[in-house]
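Following: one structure in structure tokens, then a few remarks.
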Amino acid sequence: MRNAITGLVRGYADPGSYEALIRRNQHIRLHVLPALGTADTDLILFHEGNIPESHQQYINARSGLACQFVDVRRTAPGTGFDPAREVPNQVPEMGGFRSGYRHMCHFWFVDFFDYLKDYRYAARIDEDCAVMALPDVFTQMQAHGWVFASGGVIPETDTAIIGLAEFVHFFRARQRHPRAPAPAVVDGPMTNLMFVDLAHFRADANFTAFQRAVTDSGMVYTHRWGDLPLWGEYLRLYVSPERLRLDWTDIRYYHGSHRQMVNAAGSGAEWLQSLRNIAVGKQARCNSNYPGHPSNPSAAVNGNPSGLFAFHTDNTPEPTWEVDLEAVHALKAVRILNRGDACKERAVGLVVEVSADRRSYAPIHTQTTPFGGLLDPDALVLDFRALASQPAARYLRLRLPRSDYLHLDQVEIYA
Ligand SMILES: Nc1nc2c(ncn2[C@@H]2O[C@H](COP(=O)(O)OP(=O)(O)OP(=O)(O)O)[C@@H](O)[C@H]2O)c(=O)[nH]1
Ligand SMILES: [Mg+2]
């Protein structure tokens with residue numbers, strides 16, 4: 001039986017919006033296929049019928065992959081994103097989650113099985129997940145009899161599981177299973193990157209009954225139950241721990257919607273970790289702001305790189321970003337993380353300058369080649385440790401000496 005590497009993805013009017021998906025795919029080519037094997041593996045992208053053929057070709061060409069695109073509405077059995085299942089939200093705090101999000105949650109607990117009837121194992125890799133490293137997951141799942149694997153377990157928020165404990169209680173009562181103790185916290189595997197033994201769960205009639213009960217309850221739609229706590233509860237109640245590998249820390253990736261490195265923190269030069277990033281929490285400013293974009297110059301020194309841009313200037317002559325370190329420091333190193341989703345090349349030509357008084361500036365570096373960001377091995381690292389006289393700075397300014405946009409993710413300054 002074949003295995004599937006899958007994702008459920010959104011369609012966009014503008015092909016430029018597929019950058020996150022393309023990045024996900026490039027990481028699959030580099031880090032997932034070598035680990036999971038290509039011979040018996042299919043690449044499947046589920047969508048809602050809103051990714052036209054031309055966009056599919058564009059995505060595949062840019063990704064260097066041949067993904068099959070499956071329209072969940074028009075492909076048998078057509079159970080995904082079924083508008084007949086939509087019922088109005090009942091939890092005020094959850095009102096911000098669109099019906100598409102709720103369909104997505106239902107899809108990853110129930111519907112995806114319908115489209116993968118002929119497959120043994122499935123990997124789910126979300127559009128916003130870039131895999132950095134992976135073990136040979138399917139081989140090891142088979143060898144150890146693990147039926148579900150993930151990179152970690154996280155708790156679910158209380159407002160997203162209203163009614164779940166009662167649902168579980170009634171399901172068990174109806175199946176004549178003894179009452180189970182409620183967990184101290186409802187948690188679940190990080191399902192944004194998950195590995196499932198489809199054959200195992202298909203053969204588990206209790207699981208199929210549980211899925212049906214979830215669908216019939218409508219609670220994914222009314223109460224925004226996510227696939228994470230549903231998997232968490234089913235695995236806790238019905239799968240023995242030896243058959244699970246939920247804290248597999250060799251599964252390393254970046255999760256975009258949570259701006260989180262999962263099992264992969266600290267990419268970049270190791271020696272930087274022994275130094276202190278003195279820029280964290282300082283005030284920064286730009287000489288312009290791109291209208292209509294959420295952009296905050298100080299977010300580039302919040303110590304929490306996102307993989308995207310923190311600030312974004314307008315297209316002006318000599319755009320700048322500048323941070324005030326509040327006192328003069330001798331700099332040991334500077335690390336600059338480019339935005340990772342698009343337009344990296346705009347940072348070529350970047351001039352790094354220092355000043356003690358915001359009047360006269362001295363350039364300490366001009367960057368002539370492209371550099372990467374959080375997920376790349378080639379962020380811009382300036383190492384001043386070996387210099388006899390290290391640059392002294394109260395202000396550190398980044399400037400493009402031309403008309404352009406300036407947008408970066410994070411600036412780390414070590415002293
Ligand atoms: N086709 C389609 N896919 C969606 C939709 N909403 C989310 N997805 C997909 O489902 C994945 C998960 O959605 P995210 O928005 O990242 O949500 P999450 O990480 O599960 O949850 P949060 O904890 O709320 O961030 C995304 O990467 C998309 O690929 C939708 O409305 N339509
Ligand atoms: Mg996500």
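The values are calculated or read from the model by the stated rules, or taken from the named source; none is laboratory data. Source: prediction; values computed, not measured. Here Cβ is always computed from backbone atoms with ideal geometry, including for glycine, and neighbour counts include all displayed protein chains.
Here are the numbers:
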item: Condition check for R102: more than 23 Å from the chain's Cα centre (by Cα), closer than 26 Å to R212 by Cα, within 11 Å of ligand 1 (Cβ to nearest atom) and among the charged types (D, E, K, R); result: no
item: Residue under evaluation D247, criteria (1) part of a helix (DSSP H, G or I); (2) more than 16 Å from ligand 2 (Cβ to nearest atom), criterion not met; result: (1)
item: Residue, farthest from ligand 2 (Cβ to nearest atom), within the stretch 215-244, restricted to residues that are among the aliphatic types (A, V, I, L, M) and part of a helix (DSSP H, G or I); result: L237
item: Filter result for F171 (in contact (Cβ under 8 Å) with a residue 24 or more places away in the chain, part of a helix (DSSP H, G or I), more than 21 Å from A123 (Cα to Cα) and not polar (S, T, N, Q)); result: yes
item: Among residues of the stretch 317-358, those that are of a type in the set (A, V, I, L, M, F, W, C), assigned to a loop (DSSP other than H, G, I, E, B) and surrounded by 21 or more Cβ atoms within 10 Å (Cβ to Cβ), counted; result: 2
item: Matching residues, the stretch 251-283, being surrounded by 12 or more Cβ atoms within 10 Å (Cβ to Cβ), more than 16 Å from ligand 1 (Cβ to nearest atom), among the small types (G, A, S) and at pLDDT below 90; result: A264, S267, G268, A269
item: Residue within the stretch 150-167 that is surrounded by 19 or more Cβ atoms within 10 Å (Cβ to Cβ) and within 18 Å of A122 (Cα to Cα) present; result: yes
item: Matching option when the condition is within 13 Å of ligand 1 (Cβ to nearest atom), surrounded by 15 or more Cβ atoms within 10 Å (Cβ to Cβ), in a loop (DSSP other than H, G, I, E, B) and not hydrophobic (A, V, I, L, M, F, W, C), among G7, G96, G80, G49; result: G80
item: Only one of R73, R62, R102, R29 that is out of contact with any Pro (no Cβ under 7 Å at 6 or more places or on another chain), within 16 Å of ligand 2 (Cβ to nearest atom) and outside any strand (DSSP E or B); result: R102
